[in-house]
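The values are calculated or read from the model by the stated rules, or taken from the named source; none is laboratory data. In this text, all values refer to a predicted model and were calculated from it rather than measured experimentally. Reconstructed Cβ throughout: ideal geometry from the backbone, glycine too, with neighbour counts over all protein chains shown. Side chains included, ligands, DNA and RNA excluded: accessible areas come from the protein's heavy atoms. Shrake-Rupley method; radii C 1.70, N 1.55, O 1.52, S 1.80 Å.
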Amino acid sequence: MTETLSQLRRIAQNPTLSFKQKEHALAVEAENMLPYVLLDAETRAALDARIICDMYEGNAPYKPRYVLPDYEVVLKNGSAHLELPKPETLDEAINTLQIAYHHVPSVTGMPVFIGHLDALLLPFCDGVSDNELYRKIKLFWRYIDRVLPDAFLHADIGPTDNRVARAILKADAELKQVAPNLTFLYDPEVSGDAILRLCTDNIIACSKPHIANHPVHREVFDEPGYAIVSCYNALPLRGGAASLARVNLKKVAEASSGEADFLDVQLPRYVNLNARLMRARVDYLFRQSGFFDGNFLVEEGWIDKDRFTAMFGIFAMAEAVNHLQDLAGRPGRYGHDAAANELGHRISARLAELVGREPMEHVWRGVAMLHAQAGLSSDAGTTPGVRIPYGSEPDPVSHVQALLPHHKHYLSGVSEILTLDETVRSNPEAVFQLAKGALQLGFREFTANVTGNDLVRVTGFMIRLSDVKLYNAAKGSRVNTTALGAEAAETVHILDRKPRVVGLELMAGSGV
Amino acid sequence: MSDGVAAVSKFLTWSVVDGPGNRFVLFLQGCNYRCVTCHNPHTIGVCSDCGACVAVCPSGALTKDGRKVVHDPGPCISCDSCLSACPTRANPMVRRMTVGDVLDLLRRNAPFLNGLTVSGGEATLHLDFLIDLFTAIKAAPDLAHLTLFIDSNGNLPAEGWQRVLPVTDGVMLDIKAFDPERHRRLTGADNDLSLASAKLLADAGKLYELRFLLIPGETDHPEEIAALSDLVHELGPDTRLRLNAFQHHGVRGPAATWAPMPRAGVEAAAGVLKASGLAEVVLPSVWLP
C-alpha cells in the first residue's frame with residue numbers, strides 16, 4: 001500500500017504532467033488497486049515472468065482497448081442521446097464529429113479513430129469551394145491537435161482521389177502536427193498514381209501518411225469494412241479490439257533448447273497461455289464490466305458488440321531468430337541472412353496456425369487476429385514486432401524484401417518503419433517507386449521516416465524531436481505521447497534507427 | 001573486354017543520387033583516370049594477383065589458389081584491410097558477373113526501380129558489356145520500363161559513344177577541370193575527349209546531367225567557374241548542372257590533407273553560375289558536418 005500511495009503522490013506532484021494527464025494516470029493507478037481478472041496459476045506465472053504481456057491495460061478492463069465507431073450513423077441520424085440533430089452543412093458535420101469524439105473511449109482515454117474523414121465529409125461538400133474546404137479542414141486539424149493531443153488518434157482517407165483527401169494532405173503537410181495520425185488506404189484499381197505521389201511527397205515533408213494496402217486488408221473484413229487506427233492496427237469498423245496481449249518471442253526462444261523445441265513445444269505452450277490471458281480479460285469486459293449495457297453507442301448503432309476482435313500480439317522476432325541461430329551455431333543474423341529470414345517466416349506461419357486454433361468467446365469470428373506489435377516505450381533489448389533491429393537495417397529495398405513474407409500472416413496489422421536518408425528530398429520519385437513496389441508485392445502497410453524531419457514515428461506513433469528535447473529539459477509537453485516518446489528514446493534507443501548512407505555513392509567493400 | 005562478363009566492384013538496389021528515381025547501380029572495376037581526389041580509389045586498378053592483400057586479411061576470406069587471389073564472401077567481415085594494402089588501387093573482392101546475372105538481380109528488384117545506372121571506375125571501359133547489357137534489358141518486356149544511364153568521365157571517343165548511345169537513355173558526365181594543365185595534374189589525363197563528349201552528348205539529347213567537383217584552390221578559381229559557365233551555355237543553358245563538394249571520405253594520398261570544400265564556397269560558385277544565366281544548378285542535398 002505504501003508503494004501505491006507513493007506512486008499516487010509521484011503522479012500528483014509531477015511537475016511535467018498537466019492536470020488532464022495526471023487525472024488519467026491517477027485513474028489507471030486506481031484501477032490497478034483492484035484485484036487482477038481471474039487467471040489460472042500457469043498463466044499468472046507466465047505473465048509475471050513477462051513472457052506474455054497484457055500491455056499494462058489495467059487490472060479490470062472496463063472499456064475495449066480500441067473502439068472504432070461508425071461515425072456515418074451520427075452524421076446520418078444525429079444522436080438522440082447527445083441531443084444532436086442530423087447535420088446538413090459541412091460546418092455542422094465537422095461540429096457533430098468534434099462532439100462525437102468526446103464520447104468514444106479507448107485505452108488512452110482519447111479516441112484512437114476519428115473516421116474515414118473523406119468519405120464522411122464528401123456528402124457535405126457540394127457548393128463548398130476548394131479554398132473554403134481547405135480552410136475548414138485546417139481549423140478542424142488545429143482543433144484535433146490542441147483538444148485531443150494524442151498521437152494514437154488516427155484518421156483514414158482514401159482509397160479514392162477526392163477533394164477532401166487532397167485538402168487533408170495539403171493541411172497535414174503544412175501544419176506538421178503530431179495529431180491526428182493519418183493513413184491513406186491505397187487501391188491500385190481506384191486511387192491512381194497522382195494521389196499516391198501526393199502521399200509520398202507528404203512523407204518527405206512530415207513522415208505522414210502511412211499507406212495501407214487496401215485490397216489486402218479489405219479481403220480480411222466483412223461489411224461495413226475496417227479502419228486503420230492507433231499504431232497501424234487493422235480492425236473491424238463499428239467494433240474494434242476488446243484487448244491486446246502479446247508474446248515476447250525472445251523469452252520464448254530463451255526457454256527453448258533449439259528450433260524444434262521452440263516451434264513444436266514452447267511456442268504452442270505460450271500461445272496457449274497468452275490466449276488464456278486474453279480470454280480472461282475479454283470475459284471481464286463483456287460479462288462483468290457492464291460496458292455494453294445501456295451504452296448509447298451500442299443502442300444508437302455506432303458500435304456493435306459482436307464486432308470486437310482480440311489482438312494477438314507478438315514482438316522481438318529478431319531477437320528470437322538470432323537466439324535460435326546461435327543455438328544452432330549459425331552466424332547469419334535476422335534481416336541480413338537468407339536462412340535467418342526464412343526461419344522468421346516459418347515462425348510467423350506457425351504463429352498464424354497456432355492462433356487460429358484458440359477459440360475465443362465474445363470475439364468477432366470467434367478467433368483472435370495476429371498482430372506484429374509495435375512495442376512499448378518500456379521495452380528494452382527487444383525489437384518491435386517482426387522488425388529488423390534499430391541501427392542494423394539494410395537498405396530500404398532489401399529491408400522490404402526481407403520482411404515481405406511475414407506480412408500475409410498479420411491480419412490485424414504489421415508495422416515497419418523504413419528510415420530514408422535526407423538525400424531523398426531531392427529525389428521524391430524514388431520514395432514513390434519504393435512505396436509502389438512494396439505495395440505491389442503485398443506489403444500490408446508502407447511507413448517511412450525521412451531523417452531530418454522534426455516529426456518522426458516512434459514505435460508506431462508520431463512525436464516531435466523538438467518536444468523530446470523540451471521534455472527532457474523538464475519543461476513538460478502539451479502532447480500526451482511525448483512522455484512515451486522520451487522514454488522510448490532513452491530505453492530502446494529509438495532515435496538510433498539509422499538511415500543507410502547512400503549519398504556517398506560507393507562505400508568500400510563488396511558486401512551487399 | 002566483354003565476352004558478356006564484367007568485373008563488378010559493388011552493386012546497390014537502392015540509390016537516390018545516381019539519376020531520376022530509385023536506381024539499381026552497378027559499379028564496374030577499373031578507371032582510365034587517376035584522380036588524386038577520388039573517393040573510391042579502390043575501383044581504379046585491376047587486380048594483378050600479387051597477394052599483398054592475402055597477407056593482411058584477418059578473416060581468411062582471401063587466399064591464393066595457385067597464382068590467383070581468391071575471395072570467399074562467406075568469412076569476409078568487410079573490414080576493407082585488403083583495400084588499404086593494395087599497391088595498385090584494386091579490389092580483390094570484385095566479382096565477375098554475366099549479363100544474365102545482372103538481369104536476374106534487376107528482375108528480383110524491378111518493382112522498386114525506376115532504372116539502372118552503370119558507374120565505376122569508368123563504366124565506358126566496359127563498352128561491349130554495356131552494349132550487351134543495355135540491349136538485353138531493352139529487349140526484355142518485364143524490364144523495358146527501366147531507364148538506362150551511364151555515369152562517366154567522358155574519356156571515350158565519338159565512335160564509342162555512337163555504339164552505346166542508341167541503347168542508352170542518359171549520361172551523367174563529370175568534367176574534372178577546364179585548364180588542361182590542372183586537369184592533367186588532378187587526373188593524370190587530358191580533358192579534350194571529355195569536353196568533346198559533353199558536346200556530343202548534349203547534341204544527341206542524352207546529357208542528363210553535367211557534374212563538376214569543386215576543390216578549394218583548384219577548381220573553385222574564377223577562371224574555372226567562368227569556363228564552366230561558357231561550356232554550359234554552349235551545351236544549352238537549360239542543361240542540368242550538379243556541383244559537388246570535395247570531401248575526405250575515401251580519399252587516399254596527398255589530397256587527404258587538402259581542405260574540404262566549404263558550403264559557402266559552393267553556394268558562392270552556384271550564385272555566379274546562376275547569375276550568368278544557367279537554369280538549373282543543383283547543390284549537394286546533404287552537407288556533411
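Protection proxy ranking of A:11-19, B:166-174, by the mean of other Cβ atoms within 10 Å over each peptide's residues and highest first, is B:166-174, A:11-19. The accessible area of A:Tyr270, taken with all protein chains in place and a 1.4 Å probe, comes to roughly 20 Å².
Candidate cross-link partners of A:Lys250 among the lysines, defined by an alpha-carbon separation under 24 Å and a same-chain spacing of 8 or more, comprise A:Lys408, A:Lys498. Solvent-accessible area of the range B:45-182 (1.4 angstrom probe, protein heavy atoms only): carbon and sulfur portion equals 53 percent. No disulfide-compatible partner, judged by a Cβ distance under 4.7 Å, exists for the following cysteines of chain B: B:Cys31, B:Cys47, B:Cys50, B:Cys57, B:Cys76, B:Cys79, B:Cys86.
Straight-line reach from B:Lys68: taking Cα to Cα under 14 Å and skipping same-chain neighbours fewer than 8 places apart, the aspartates and glutamates in range are B:Asp49. Straight-distance candidates among the aspartates and glutamates for linking to A:Lys251, with alpha-carbon spacing under 14 Å and chain neighbours fewer than 8 residues away dropped: A:Asp48, A:Glu259, A:Asp261, A:Glu319, A:Asp379.
When you filter the GluC sites (Glu not before Pro) in the range A:112-214 for DSSP loop state and at most 15 other Cβ atoms inside 10 Å of their Cβ, you are left with A:Glu189. Based on protein heavy atoms only, the protein assembly as shown ends up with 38 Å² per residue of surface accessible to a 1.4 Å probe.
Calculated mean residue ellipticity, 222 nm, the protein assembly as shown: -11000 deg cm²/dmol, from DSSP H runs (n ≥ 4) at -39500 (n - 2.57) each, averaged per residue and rounded to 500.
Restricting attention to the protein assembly as shown, close to 35% of DSSP beta bridges with both partner residues there are antiparallel.
Spin-label pair A:Ala338-A:Thr4: with each label point 7 Å from Cα along the Cα-Cβ axis, the two points sit 5.8 nm from one another. Taking every DSSP beta bridge that has both ends in chain B, the antiparallel portion is near 30%. For the range B:1-81, trypsin sites (Lys or Arg not before Pro) meeting the loop criterion (DSSP other than H, G, I, E, B) and having at most 11 other Cβ atoms within 10 Å: B:Arg67. Any of B:Lys10/B:Lys176; A:Lys176/B:Lys10; A:Lys86/A:Lys138; A:Lys20/A:Lys176; A:Lys20/A:Lys208; A:Lys86/A:Lys170 with alpha carbons more than 31 Å apart? Name them for me. In this structure, A:Lys176/B:Lys10 lie more than 31 Å apart at Cα. Annotation for A:Asn77 and A:Arg365: the two label points, set 7 Å from Cα along the Cα-Cβ direction, are 2.6 nm apart. Share of carbon and sulfur in the accessible area of chain A stands at 53%, probe radius 1.4 Å. Residue by residue along B:19-26, Cβ atoms of other protein chains within 10 Å of the local Cβ number 4 on average.
Descending by average beta-carbon neighbour count within 10 Å, the peptides B:178-185, A:341-348 line up as A:341-348, B:178-185, the highest first. The Cα center of the range B:109-159 and the Cα center of the range A:224-247 differ in position by 47 Å. For the protein assembly as shown, a crude dipole built from +1 on the beta carbon of Lys and Arg and -1 on the beta carbon of Asp and Glu, taken about the Cα centre, is about 1240 debye to the nearest 20.
Karplus-based coupling profile of the range B:214-231, in residue order and whole Hz: 8, 10, x, x, 10, 8, 9, 4, x, 5, 5, 5, 5, 5, 4, 4, 4, 4, with θ = phi - 60° in 6.51 cos²θ - 1.76 cosθ + 1.60 and x standing for Gly or Pro. Counts of other chain beta carbons within 10 angstrom of each beta carbon in peptide A:395-401 average 5.
Taking the average, over residues, of other Cβ atoms within 10 Å as the packing measure, peptides A:38-50, B:214-226 rank B:214-226, A:38-50 from highest down.
The distance between label points at A:Asp193 and B:Asp238 comes to 2.1 nm (points 7 Å beyond Cα on the Cα→Cβ vector).
For the residues A:His102, B:His39, A:His210, a 1.4 Å probe over the protein chains yields an accessible-area ranking, largest first, of A:His102, B:His39, A:His210.
Across peptide A:76-83, the average count of Cβ atoms from other chains found within 10 Å of a residue's Cβ is 0.
For chains A and B, what's the summed buried accessible area, probe 1.4 Å, to the nearest 100 square angstrom? Rounded to the nearest hundred, the buried surface is 2900 Å². The relative contact order of chain B comes to 18 percent, based on Cα pairs under 8 Å that sit 6 or more residues apart.
Gyration tensor analysis over the Cα atoms of chain A returns equivalent ellipsoid semi-axes of 33, 30, 23 Å (largest first, whole Å).
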